[in-house]
Amino acid sequence: MSLSLLSRYAFFAVCVIFTLASLPFLEHDWLWPITAVTGVLSLIGLFDLMQSPHAVRRNYPILGNIRYLVEGIRPEIRQYLLESDSDALPFSRAQRSLVYSRAKNETADKPFGTLIDVYQSGFEFIGHSMRPAPLSDPSSFRVTVGGPQCTQPYSASVFNISAMSFGSLSANAIRALNQGAKLGNFAHDTGEGSISPYHREHGGDLTWELGSGYFGWRT
């Protein structure tokens, strides 16, 4: 028998040998708890050897169960012991704590600045200007769609409503979104699906989305 095989079954073998060897001496009260534990572990190891769905437990009887135990509590270990306040998706612990504090009407301010590295790559911030700058005209935040050969160019706003289909929202939601597009003078993407009567109710500009065409489109 190879050394690798011996190491895999060593703990199981020790439990079985100790259980069988201690049976004649059970008149000693102190031996009962130990024998009971090794007996239960021996039964677990025997079951691990006989089962087939889990190769780890079959190759490492008794000890293989530790892997599934640790795997089961892995999310809790990461959340409470290893994870930093800025890790995790979709929301970090710092973001969740802010929501919890505001829901309880508690102060969520952190004194003495921020705990976030504001100089790390990807962190964006706006620096104050040393002198007043002229206000920008919102009407200039637009891009012309269509070149010289286009017969109907469109002046598109840089602020638009992204694709959300009618099937995943509701009539009132579509009405509200399109009315907002009308008031803000920007476009409302229909998302996959149809252009319903609710899209047309307030007259906001529409971007009719055809792809992926899963539900088809016509007329």
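The values are calculated or read from the model by the stated rules, or taken from the named source; none is laboratory data. These numbers were taken from a predicted model, which means no experiment stands behind them. FYI the Cβ positions are ideal-geometry reconstructions off the backbone, even for glycines, and counts take in every protein chain you see.
Values as computed for the structure displayed
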{"quantity": "Failed item, numbered, when Lys182 is tested on (1) at pLDDT 85 or above; (2) in contact with a Phe, Trp or Tyr (Cβ under 8 Å, 6 or more places away or on another chain)", "calculated": "(2)"}
{"quantity": "Matching option when the condition is closer than 30 Å to Leu6 by Cβ, without any contact (Cβ under 8 Å) to a residue 40 or more places away in the chain and among the small types (Gly, Ala, Ser), among Gly122, Gly113, Gly127, Gly72", "calculated": "Gly72"}
{"quantity": "Flag for Ser121 being outside any helix (DSSP H, G or I) and surrounded by fewer than 12 Cβ atoms within 10 Å (Cβ to Cβ)", "calculated": "yes"}
{"quantity": "Wholly enclosed helices (runs of 4 or more DSSP H) of the range 1-87 bearing at least 3 residues at pLDDT below 85 and exposed (fewer than 14 other Cβ atoms within 10 Å of the Cβ)", "calculated": "3-22"}
